[in-house]
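Student: Okay, handing you the structure first.
The values are calculated or read from the model by the stated rules, or taken from the named source; none is laboratory data. Source: prediction; values computed, not measured. Methodologically, a virtual Cβ is constructed for each residue, glycine included, from the backbone with ideal geometry; neighbour enumeration extends over all protein chains shown. Please note that ligands, DNA and RNA were not included when accessible areas were found on the heavy atoms of the full protein model with its side chains. Shrake-Rupley method; radii C 1.70, N 1.55, O 1.52, S 1.80 Å.
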Amino acid sequence: MAAGSMTQEAAGNGGRDVWRVAASGDPVELTLPTMLGDFRWYGNTRFTGPQLARQFFLAPAGEHRAIPDKILPGGRQMRKAMRGYDAVVFEASDRSDSALVLAGPYHEATTWFGGPAPTAAGIERLLRSFRFTDSANGATLVPASDMLVQQPDVSLIGRSAHSVLVVRRAAEMLPTLPEWAGLTLPGGELWRADRVLDRVTAGLVAGGPHQWRYVLAGPTLGMDLVLLEPESGRAPLPVPETQVVDALSVLTGRWAG
Amino acid sequence: MSVALAVALLALLVAAFTLVALVAVYARVRGLEAASGDTSLSGYATLVGRPAPASVRPGPGEGCSLVAVLDGDCTLCATVFQALIAVNAADDVRVVALTDRIHDPAAGPGTGILRVDVAARADLYEGYAPTVLAVDAGGTVVARRFVYADTDLPELLRELVARARTPQNEVSRA
């Protein structure tokens, strides 16, 4: 839906306040530079426990229509209506791959099996071990019992025409941060990191603000920002790197819970 | 009785008690495992496959009913309401639109199908409006669809009516 996130212009500093719910159910407040454009929100989460290791990708509702159309054309589909969402199983015609989509009214969560789909009883058991709750500000996917199942690696992923922003809890971000001190900004500490690009695209972005990934670590969350431009066929941002850093000083957030 | 014998008897007693406790815990765990097979942990029962509230079931002579769960103040809900009026005029289908409030009681034709029934709406609301449900002749919910701005409404309503007339499982194309 278009009204996917509550946004409002923050007073005069070129920022925009966004309030989202992460897959773990934690509220996340962000102030994003308007320079980065409007974001569509995705997410990622993982579950580990006895006889369970599964990763789910969260996306705005309707994106799973690419599966029967493009990824597994001519495959089998099974739809089961649950309270507040549909559980849809897609299986390739040769049973080489399959996916389960929890399709809510606003968002959806997808997991891939990498082989034949589980039996109806297996799907039933999988659905019983998670609780999926959808809302306009983000879908929540948590284990039905958190005594056995852990939920590491929860991330919020914002995609706009110009950038990809990955937001994670500070505790999960910590091992990936550099040892040296970064530039102090109002939202936390800022580092530049290398991007993984081949030689041709690396040549395209050399010397500009697109040469780097920007890593910002605040007290409760960490953010990883990539500015998409020349390497994906778009025009580069017409600003020097210093101005990008100025814009990033608006970027702050709080991961509650 | 020697001290050694007394200690041995006490140890035997403790061992017997431990065994009984272990068996009891094991039985309890197995019982819980068996019980969790048929209760939904989420606390919300699935709507599809369950009997609908009496106030929205099809009456005698009606093959099925279409129930829309609407909000008082969304524009898309008004579109759904208009599409339902068309179905109501054309078929022997019972059509009910459950809303949380009516702004203008005298607004337009077809208000006979619009109803404020808080209990039934709360029972059928799944966190999103507009939603359309199909109820078969037996009063069981057979399908539920969320309606979006780009949904082909006449096609959706036709499909739901067809589904309610020929009861089958929710195993179909998307």
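Student: How many residues, within the stretch A:77-100, are within 11 Å of chain B (Cβ to nearest Cβ) and in contact with a Leu (Cβ under 9 Å, 6 or more places away or on another chain)?
Tutor: 11
Student: Identify, by number, the condition in (1) at pLDDT 85 or above; (2) farther than 21 Å from residue A:81 by Cα; (3) assigned to a loop (DSSP other than H, G, I, E, B) that residue B:95 doesn't meet.
Tutor: Every condition holds for residue B:95 apart from (3).
Student: Count, please, the residues in the stretch A:116-141 that happen to be within 13 Å of another protein chain (Cβ to nearest Cβ), within 15 Å of residue A:53 (Cα to Cα) and open to solvent by less than 40 Å² (accessible area, probe 1.4 Å).
Tutor: 6
Student: Quick one: how many residues across the stretch B:112-129 are open to solvent by less than 70 Å² (accessible area, probe 1.4 Å), touching a residue at least 24 places away in the same chain (Cβ under 8 Å) and within 10 Å of another protein chain (Cβ to nearest Cβ)?
Tutor: Final tally of qualifying residues: 2.
Student: While we're looking at this one, here's another question. Looking at the stretch A:233-257, which of its residues are part of a loop (DSSP other than H, G, I, E, B) and either open to solvent by less than 40 Å² (accessible area, probe 1.4 Å) or under 30 Å from residue A:22 (Cβ atoms) (or both)?
Tutor: Those that are part of a loop (DSSP other than H, G, I, E, B) and either open to solvent by less than 40 Å² (accessible area, probe 1.4 Å) or under 30 Å from residue A:22 (Cβ atoms) (or both): A:234, A:237, A:239, A:249, A:250, A:251, A:256, A:257.
Student: While we're here: Has the stretch A:49-62 got any residue that is open to solvent by less than 40 Å² (accessible area, probe 1.4 Å), touching a Lys or Arg at 6+ places or on another chain (Cβ under 9 Å) and within 12 Å of chain B (Cβ to nearest Cβ)?
Tutor: yes
Student: Within the stretch B:138-169, track down each residue that is open to solvent by 70 Å² or more (accessible area, probe 1.4 Å) and more than 11 Å from chain A (Cβ to nearest Cβ).
Tutor: Within the stretch B:138-169, B:152, B:154, B:155, B:158, B:165, B:166, B:167, B:168 meet the criteria.
Student: Could you please give the count of residues in the stretch B:66-78 that are within 20 Å of residue B:143 (Cβ to Cβ) and in a helix (DSSP H, G or I)?
Tutor: Number of matching residues: 2.
Student: Here's a follow-up. If you check every pair at least six apart or on different chains, which have Cβ atoms under 6 Å apart with a residue in the stretch A:100-124 that is within 26 Å of residue B:147 (Cβ to Cβ) first and a residue that is open to solvent by 40 Å² or more (accessible area, probe 1.4 Å) and not in a loop (DSSP other than H, G, I, E, B) second?
Tutor: A:110/A:57
Student: Looking only at residues in the stretch A:63-76 that are within 11 Å of chain B (Cβ to nearest Cβ) and under 21 Å from residue B:126 (Cβ atoms), which one is surrounded by the most Cβ atoms within 10 Å (Cβ to Cβ)?
Tutor: Taking the candidates together, the pick is A:64.
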